[in-house]
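S.K.: Have a look at this one.
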Amino acid sequence: GIVPLSYRRPIIALGYLIYLITLPPNHFANVAFLDSVLLAQSGHPCWLSGLRIVMQGLPVPTQLSLGDLTVDGIADIRKRLEVACNEWLATVVTGMSSRLPLIQGRLERNENGDFVATASKLRQYLRIPVPAHRKVLTRLLLSAYTLGIEILRYSERLRKHAPRDFRPCRFCQRGVESEGHALIGCTA
């Protein structure tokens, strides 16, 4: 899936950190990295201490200690960072309960064939070969459409905000014009 930039950048930086650690000791980049470690240990600003500050400021903070500066330690931190990103995305999707009812609690098969809830994954609907169909379905799932449930949520120049129960279907006038109603319940 798509990883938010606030998490993607530290993940890339940790990959670069693994690269720096594996360089030979006489390589300039490795020498600069070791200087950065010394600066971080003495509490001075540097690339490494900046990375630590960024990781602590994430929505789900992840610690980078100077004792973890091994290939295995950093790989473990990268995995923890990816897990923290998925937790944060799941929290954001759950927090938007009224806007994203079709993707909340959605289960997908993992590599073992088990159903698990994951916030960031390449979904099957993104593999639809016709671009127009793929876009329409994606807009429906992400509440980016012109159904009354979404449009009447906000006030505009000549229209006031309408409570959910007062957003009738434009076609059948029987129920709230929601995703489920448009797909299954509308008789028009």
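S.K.: Which of rounded, prolate or oblate describes region 134-188 when judged by the alpha-carbon gyration tensor and an a/c cut-off of 1.5?
M.R.: Oblate, because a/c is 1.5 or more while a/b does not exceed b/c.
S.K.: Right, next: For labels at GLU82 and LEU183 in the simple 7 Å Cα→Cβ model, what's the distance in nm?
M.R.: 2.9
S.K.: Moving to a separate point now. Over the alpha-carbon set of region 5-95, work out the extent along each principal axis and list the three values in angstrom, largest first.
M.R.: Ordered largest first, region 5-95 gives principal extents of 50, 24, 21 Å.
S.K.: Taking the simple approach of a point 7 Å from Cα along Cα-to-Cβ for both ASP35 and ASP114, what is their distance in nm?
M.R.: Going by the 7 Å Cα→Cβ label model, 4.9 nm.
S.K.: Please check the chain for the longest run free of GluC sites (Glu not before Pro) that are loop-located per DSSP (anything but H, G, I, E, B) and have at most 12 other Cβ atoms within 10 Å.
M.R.: Free of exposed loop sites, the longest segment is 1-110.
S.K.: Computed over the Cα atoms of the chain, what is the convex hull's projected area averaged over all directions, in nm²?
M.R.: Averaging across all directions leaves 16.5 nm² for the Cα convex hull.
S.K.: At 0.36 nm per residue, minus the direct Cα-Cα distance, what do ASN26 and ILE53 gain on full extension? Give it in nm, one decimal, please.
M.R.: That pair, ASN26 and ILE53, stretches by 6.9 nm at full extension.
S.K.: Write down, largest first, the equivalent ellipsoid semi-axes of region 50-110 in whole Å, where each equals the square root of 5 times an eigenvalue of the alpha-carbon gyration tensor.
M.R.: So the three semi-axes of region 50-110 are 30, 15, 5 Å.
Each reported figure results from applying straightforward, stated rules to the coordinates on display, with no laboratory input. Since we're looking at a predicted model, the values are computed, not measured. Cβ: placed from backbone, ideal geometry, glycine included. Neighbour counts: every protein chain shown.
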